[in-house]
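Peer 1: Okay, here's the structure, questions in a sec.
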């Protein structure tokens with residue numbers, strides 16, 4: 001009995017200590033008022049959905065009223081032929097953003113938002129690793145030099161969730177990633193964003209390299225083994241992670257760079273029936289999401305899914321579009 005009593009006392013003390021530790025780190029990051037919303041816009045996603053990508057892009061500013069936007073610059077798009085750069089699409093998007101006094105994050109690297117995550121030009125895929133790496137740096141250098149003088153560009157994102165094993169991508173070379181960051185810093189005085197997965201990322205490796213840290217935040221996903229799955233984690237989970245990482249590496253600006261506001265199903269959106277699309281994201285889930293984020297400790301969120309909302313609107317379902325617009329206006 002004495003041994004059992006000692007074990008019970010030990011367990012009570014251990015649990016109490018753990019609760020105190022959790023409370024300490026959670027309290028380091030107080031609940032904050034959600035202040036800023038932006039979006040990520042992908043030209044290739046708009047095209048995959050069969051949209052007029054330019055009209056969809058303009059509507060972000062002129063109808064929804066966003067002034068904060070993240071734009072991936074796809075290596076596979078801007079350098080279809082070796083050494084021949086075509087920035088015409090990005091030039092046009094930047095002109096529109098500047099006309100609307102928007103603040104832009106440009107994403108550069110091999111791994112940037114949207115499946116298959118890594119976007120290499122066809123011509124480089126047969127090259128040896130050393131040549132690939134140099135060509136990648138050449139594309140990054142050309143891109144940064146072209147747009148760094150734009151008053152609309154306020155930050156650069158180098159690679160997308162580089163430490164998260166997701167997508168059709170080669171194994172991460174951390175030294176090369178550091179070289180990419182060093183290159184951008186040598187060309188620009190603007191802050192660099194490094195991102196990581198919200199639920200499974202350790203945050204440490206991205207956070208310590210970043211001027212601004214960005215996390216993803218998803219609620220309902222599809223898993224090939226179990227099907228649809230809703231993360232059973234409270235908002236304080238993100239405050240806890242941010243509190244720990246802030247304590248270890250020092251406080252720095254942090255944002256939710258990708259907040260799920262589109263479906264995640266067994267196939268790409270363009271291949272899903274609309275009823276299936278609404279399983280993992282719909283107006284009610286979006287409202288729940290807006291309540292959820294209040295307790296996460298972040299105040300800036302880049303919504304993920306603007307191309308889908310526009311596609312819905314163009315196909316007789318404007319509810320998501322109008323809901324987002326009313327949310328932003330509030």
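Peer 1: Would you mind checking the range 92-118 for residues with the amide N under 12 Å from a putative spin-label position 7 Å along Cα→C-beta of residue 268?
Peer 2: 114-117
Peer 1: Cut-off 10 angstrom, C-alpha nodes, Gaussian network model of the chain. Which of 109, 179, 265 fluctuates the most?
Peer 2: 179
Peer 1: Per DSSP H run of n ≥ 4, the term is -39500 (n - 2.57); total these for the chain, divide by its residue number, and report the mean residue ellipticity at 222 nm rounded to 500 deg cm²/dmol.
Peer 2: -13500 deg cm²/dmol
Peer 1: Here is a follow-up. Could you work out the relative contact order of the range 176-234, using alpha carbon pairs under 8 angstrom and six or more residues apart, expressed as a whole percent?
Peer 2: 25
Peer 1: Work out, step by step, the length gained on full extension between residue 230 and residue 173: first 0.36 nm times the residue separation, then minus their alpha carbon distance; give nm to one decimal.
Peer 2: Taking 0.36 nm per residue and subtracting the Cα distance, the gain is 17.3 nm.
Peer 1: Would you calculate the separation in nanometres between label points at residue 150 and residue 185, each defined as 7 Å from the Cα along the Cα-to-beta-carbon direction?
Peer 2: Going from the residue 150 label point to the residue 185 one covers 2.4 nm.
Peer 1: How high is the relative contact order of the range 173-316, in percent, counting Cα pairs under 8 Å that sit 6 or more residues apart?
Peer 2: Relative contact order, the range 173-316: 22 percent.
Peer 1: When the chain is modelled as a GNM with alpha-carbon springs shorter than 10 Å, which of 83, 38, 201 fluctuates the most?
Peer 2: Per the Cα network of the chain with a 10 Å cutoff, 83 tops the list.
Peer 1: A further question follows. Grab the beta carbon distance between residue 55 and residue 330, set R0 = 25 Å, and tell me the FRET efficiency rounded to 0.05.
Peer 2: The pair residue 55/residue 330 has a calculated efficiency of 0.45.
Peer 1: For the chain, modelled as a Gaussian network with Cα springs under 10 Å, which listed residue fluctuates most, 173, 246, 224?
Peer 2: Among 173, 246, 224, the largest GNM mean-square fluctuation belongs to 224.
Peer 1: Between the range 258-272 and the range 99-141, what is the separation of their alpha carbon centroids in Å?
Peer 2: Each part's Cα centre sits 23 Å from the other's.
Peer 1: Measure nothing fancy, just the Cα-based angle from helix 129-147's long axis to the longest principal axis of the chain, in degrees from 0 to 90, nearest 10.
Peer 2: Roughly 80 degrees between the two axes.
Peer 1: If you take the Cα atoms of the range 31-329, find Rg, then find the Kirkwood Rh from the mean of 1/r over all pairs, what is Rg/Rh?
Peer 2: Across the range 31-329, the Cα-based Rg/Rh ratio is 0.94.
Peer 1: Given the Cα-Cα distance of residue 222 and residue 86 and 0.36 nm per residue of separation, how much length would full extension add, in nm?
Peer 2: 45.4 nm
Peer 1: Quote the FRET efficiency, to the nearest 0.05, computed for residue 319 versus residue 133 with a Förster distance R0 of 30 Å and r equal to the Cβ-Cβ distance.
Peer 2: My answer for the efficiency is 0.05.
Peer 1: Follow-up. For 218, 228, 147, what's the fewest-to-most ordering of other Cβ within 10 Å of each Cβ?
Peer 2: Result, fewest neighbours first: 228, 218, 147.
Peer 1: While we're on this one: Please work out the Cα center distance from the range 166-180 to the range 195-223, rounded to the nearest Å.
Peer 2: Going from one Cα centre to the other spans 15 Å.
Peer 1: Roughly what angle does helix 88-99 make with the longest principal axis of the chain, taking Cα atoms, 0 to 90 degrees, to the nearest 10?
Peer 2: Between helix and principal axis, roughly 70 degrees.
Peer 1: Please report the relative contact order for the range 31-329, taking Cα pairs under 8 Å with a sequence separation of at least 6, and give it as a percent rounded to a whole number.
Peer 2: Normalised by residue count, the contact order of the range 31-329 is 22 percent.
Read-outs throughout are calculated quantities, based only on the coordinates presented, and are distinct from any laboratory measurement. If you're wondering where the values come from, they're calculated on a predicted model, not measured in any experiment. Positions of Cβ are generated from backbone atoms using ideal geometry, with glycine treated the same way; all protein chains shown enter the neighbour counts.
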